[in-house]
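Shown next, in structure tokens, is the structure this report addresses.
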Amino acid sequence: MNTANRLAPYMFMAPAAVIMGLCLLYPLGYMIYGSFLDWNPSQSIGEADFVGFKNYINLFFDPAFRESLGVTLTFAVSVVIAELVIGVGLALLLDRNIRGMSLLRTLFILPMMIAPVVVGLMWRYMYHPTVGTFNRFLKSIGLEGVDWLGQNALLSVIIADIWQWTPFIFILSLAALQSLPRSALEAARIDGATNWQQIVYIKIPLMMPVLIVTALLRLIDAFKVLEVILVMTEGGPGLSTEIVALRISRTATEFRELGTAAAMSNYLLILLLLLTVAMFAFTRFQDARAARLARQVQEEG
Amino acid sequence: MAEIRLEKLVKRYGSVEVLHGIELEMADNEFTVLVGPSGCGKSTTLRMIAGLESVSSGEIYVDGRPISHLDPKDRGLAMVFQDYALYPHMDVAGNISFALRLQKRPKPEIQAKVKEVAEVVGLTDFLHRKPAALSGGQRQRVAMARALAKDSGIFLFDEPLSNLDAKLRGQMRAELAVMRQTVQKNMIYVTHDQIEAMTLADRIVVMHGGYIQQQGSPEELFKRPANKFVAGFLGSPPMNFLEAELVRDADRTFVQGASFKLEVPEDKAATLAATTRQVIVGIRPSDLNFSADAEDQVALDLKVRVSEYIGAQSVLLCACGQDDVTVELKSETPIALGETLRFAVRPEGIHLFDRSTERAL
Ligand SMILES: Nc1ncnc2c1ncn2[C@@H]1O[C@H](COP(=O)(O)OP(=O)(O)OP(=O)(O)O)[C@@H](O)[C@H]1O
Ligand SMILES: [Mg+2]
């Protein structure tokens, strides 16, 4: 009776756990196993030759993959920094009770709700060298058109991503701002802090925990973007916008090297895992510190 | 170091007026306590002085200079908040020195100042703690130290002790009273605790419903309340109120209720208008003395219902006919529940209020 009772919760959870395990772990294991094979899409996984770490080693020295990794890093780091600056800036500006502000806030988060493929198409048309919105506008005021998706492809892609994902940081920062202790800000005003000093010395430091987690989330996401870039540039011109996710898909479909593609995915996975662990470590660190402070108070009675 | 004057101060939130023309003058180095029930507008008044709330109409003068258009930082005041409002990410020293650092004072000066005020409030050992690692009382001290460090002439407190437990509150109150002796500042202190008000204030301002009911020294307000509200608000246990009629008999004046008839002292009777009849008699619990052989016209006969023992004193809840009356009494007085006892009323303890206007007569 007693043991049955103790086991009951696990029994109820078992079906869900099994399904989760199958859905998550099976594909993951499949991919990891695949990354050790020299595997052509026409072969079944059993027919492929086992090559050990050859795929990983080849990739490590492959200049194309390295470039792709470089593009991904540049892309991810620049979008996250730009989005943080703009998103937090907007939140600081719009954190006030003026009429119409709620409408404005709603408008600001619209880009986030649009499907990535649509965003890609939209920006591709706007960037079009002759009939695109930007160049038509530039020409109408007498300026040279810009070769958006040619010479400046990476920048253009970064701009599109900033447009789509700044709202994410904006709403999270706004929520963080609005939950700041009101009276601490009032105390700062009385202590003589200007608006700018309140932002620098009080608001930003107090928002920091939220900002760090938000930035890590965005970074993880930015490493995985695919659709927008696929639609806008297909990685070109050359390899200039070929992020890792795109290279993986091309390696698997165009170059027909499933093993290499799987190895690439694993590199990306390791990178993302590191970021995720960093994020968890950060939140755990925060919790531990709060707990330690609380204990310190208690011990003194 | 400043004289503050509020002139016809009005606060409106939308169409709701919560302060109706507050007129108040606070002399240099005066400790003013704003006291009143919840929602009467104490905090709003204080926050308007601080510049945290806009002034709807009227004006605030400091040393004759209008300040209602100034930012809080330009008003030269320090404030202690009810929830302390410490900067959670700064340690105690950082909290105390924030204002000085913003003013870009030289480092050695800041350090000396932090050390000095930390000593005043007894925080020297905690300078490198974050607020989260401090107890409520310690946080309170940090808030106080932060305000002291600013060296401003005006000190505002919004219920600074209300988040502390009873014992700590008493202790901090005593410390405040000591600090008050040495710190020469103009202090405005908001509380709804009348004991804090009575012990700390040079001048008490009793507020109710957005109006000032009365202001003056604690003694003045206690002895000569301007109306029934003030009389009932100050003093613990609160004043007893009994409805009665004025009866004039030859050259003596009485107040007669359902089950009592008390003589009004002559000097008081002389000031009463001949037309007043309906009154409320107010008697503080401490103005009733157990005295079995007192004469009829100076005594109340009370039936003891409940006795609350609170140490040296006991509080008796009694019935006087249909009315409730509380009495304060030395605990050793032998009394039994259900007994009817006679209590003499001290003649100067009889307060009379007009029944319709509730003003003191
Ligand atoms: N932002 C606001 N909008 C509308 N009404 C408000 C606002 N702030 C305060 N009030 C009203 O103003 C009145 C006075 O509030 P205030 O905070 O000054 O009361 P208080 O005397 O400090 O009370 P307490 O002892 O509970 O702190 C209250 O009736 C309150 O409802
Ligand atoms: Mg208040």
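Here are a few things to note about the model shown:
- Hey, B:D83 within 30 Å of B:L6 (Cβ to Cβ) and either away from ligand 1 (no atom under 16 Å from the Cβ) or not small (G, A, S) (or both) or not: yes
- Tally of residues being assigned to a strand (DSSP E or B) and either open to solvent by less than 50 Å² (accessible area, probe 1.4 Å) or free of Cβ contacts under 8 Å to residues at least 24 places away in the same chain (or both) across segment B:2-19: 9
- Consider segment B:294-313 and keep the residues that are of a type outside the set (A, V, I, L, M, F, W, C) and in contact with a strand residue (DSSP E or B) (Cβ under 8 Å, 6 or more places away or on another chain). The one that is nearest to B:S331 (Cα to Cα) is B:Q313.
- Qualifying residue in segment A:92-111 (condition: loosely packed, with under 12 Cβ neighbours inside 10 Å, closer than 17 Å to A:I162 by Cβ, in contact (Cβ under 8 Å) with a residue 40 or more places away in the chain and under 20 Å from the mean Cα position of the chain (by Cα)): yes
- Residue list for segment B:41-54, filter: more than 16 Å from ligand 2 (Cβ to nearest atom) and touching a Lys or Arg at 6+ places or on another chain (Cβ under 6 Å): B:G51
- Checked against the criteria, B:R129 does not count as touching a residue at least 60 places away in the same chain (Cβ under 8 Å) and more than 16 Å from ligand 2 (Cβ to nearest atom).
- Taken over segment B:156-207, residues that are at pLDDT 85 or above and either within 16 Å of ligand 2 (Cβ to nearest atom) or at positive phi (or both) amount to 19.
- Qualifying residue in segment A:51-64 (condition: in contact with a Leu (Cβ under 7 Å, 6 or more places away or on another chain), more than 21 Å from A:N195 (Cβ to Cβ) and either in a helix (DSSP H, G or I) or touching a residue at least 12 places away in the same chain (Cβ under 8 Å) (or both)): yes
- Test: B:A132 is of a type outside the set (D, E, K, R), open to solvent by 40 Å² or more (accessible area, probe 1.4 Å) and within 12 Å of chain A (Cβ to nearest Cβ): yes
- Qualifying residue in segment B:55-74 (condition: within 16 Å of ligand 2 (Cβ to nearest atom) and assigned by TED's automatic domain parsing to the domain that holds B:A132): no
- Segment B:180-196: number of residues that are more than 15 Å from the chain's Cα centre (by Cα) and crowded, with 17+ Cβ neighbours inside 10 Å: 3
- Filter pass, B:S38 being open to solvent by 10 Å² or more (accessible area, probe 1.4 Å), within 16 Å of ligand 2 (Cβ to nearest atom) and more than 14 Å from chain A (Cβ to nearest Cβ): yes
- Residues in segment B:23-53 that are out of contact with any Asp or Glu (no Cβ under 7 Å at 6 or more places or on another chain) and free of Cβ contacts under 8 Å to residues at least 40 places away in the same chain: B:E25, B:G39, B:M48.
- Candidate set from segment B:54-69 (those that are free of Cβ contacts under 8 Å to residues at least 40 places away in the same chain and open to solvent by less than 40 Å² (accessible area, probe 1.4 Å)); member that is farthest from the other protein chains (Cβ to nearest Cβ): B:S68
- When the residues of segment B:95-105 are filtered to those that are facing chain A (nearest Cβ under 9 Å) and either open to solvent by 10 Å² or more (accessible area, probe 1.4 Å) or without any contact (Cβ under 8 Å) to a residue 40 or more places away in the chain (or both), the one that is nearest to B:A133 (Cα to Cα) is B:R101.
- Check on A:L211, modelled with pLDDT of 90 or more, assigned to a helix (DSSP H, G or I) and either under 30 Å from B:M90 (Cα atoms) or under 20 Å from the mean Cα position of the chain (by Cα) (or both): yes
- Residue in segment B:12-27 that is within 16 Å of ligand 2 (Cβ to nearest atom) and over 25 Å from B:Q194 (Cβ atoms) present: yes
- Restricting segment B:122-173 to residues that are more than 22 Å from A:P181 (Cβ to Cβ), part of a helix (DSSP H, G or I) and not hydrophobic (A, V, I, L, M, F, W, C), the residue that is farthest from the chain's Cα centre (by Cα): B:D125
- Qualifying residue in segment B:80-94 (condition: within 16 Å of ligand 2 (Cβ to nearest atom), at positive phi and buried (at least 16 other Cβ atoms within 10 Å of the Cβ)): yes
- Hits in segment A:180-227 - residues which are among the polar types (S, T, N, Q) and either open to solvent by 60 Å² or more (accessible area, probe 1.4 Å) or more than 26 Å from A:V79 (Cα to Cα) (or both): A:S183, A:T194, A:N195, A:Q197, A:Q198
- Test: B:R5 is modelled with pLDDT of 90 or more and either touching an Asp or Glu at 6+ places or on another chain (Cβ under 7 Å) or within 16 Å of ligand 1 (Cβ to nearest atom) (or both): yes
- Criterion violated by A:T130 - all others in (1) within 21 Å of A:L149 (Cβ to Cβ); (2) open to solvent by less than 80 Å² (accessible area, probe 1.4 Å); (3) not charged (D, E, K, R) satisfied: (2)
- Restricted to segment B:70-79, and to residues there that are outside any helix (DSSP H, G or I) and surrounded by 16 or more Cβ atoms within 10 Å (Cβ to Cβ), the residue that is nearest to the other protein chains (Cβ to nearest Cβ) is B:M79.
- Scanning segment B:194-221 for residues being touching a strand residue (DSSP E or B) at 6+ places or on another chain (Cβ under 8 Å), of a type in the set (D, E, K, R) and not in a strand (DSSP E or B) gives a total of 2.
- Where B:G39 falls short, out of the listed (1) outside any loop (DSSP other than H, G, I, E, B); (2) more than 23 Å from B:I96 (Cβ to Cβ): (1)
The values are calculated or read from the model by the stated rules, or taken from the named source; none is laboratory data. Everything numeric here is computed off the predicted structure, so don't read it as measured data. Using ideal geometry, Cβ is built from the backbone for each residue, glycine included, and neighbour counts are taken over all protein chains shown. These area figures cover heavy atoms from the full protein model, side chains too; ligands, DNA and RNA do not enter into them. Shrake-Rupley method; radii C 1.70, N 1.55, O 1.52, S 1.80 Å.
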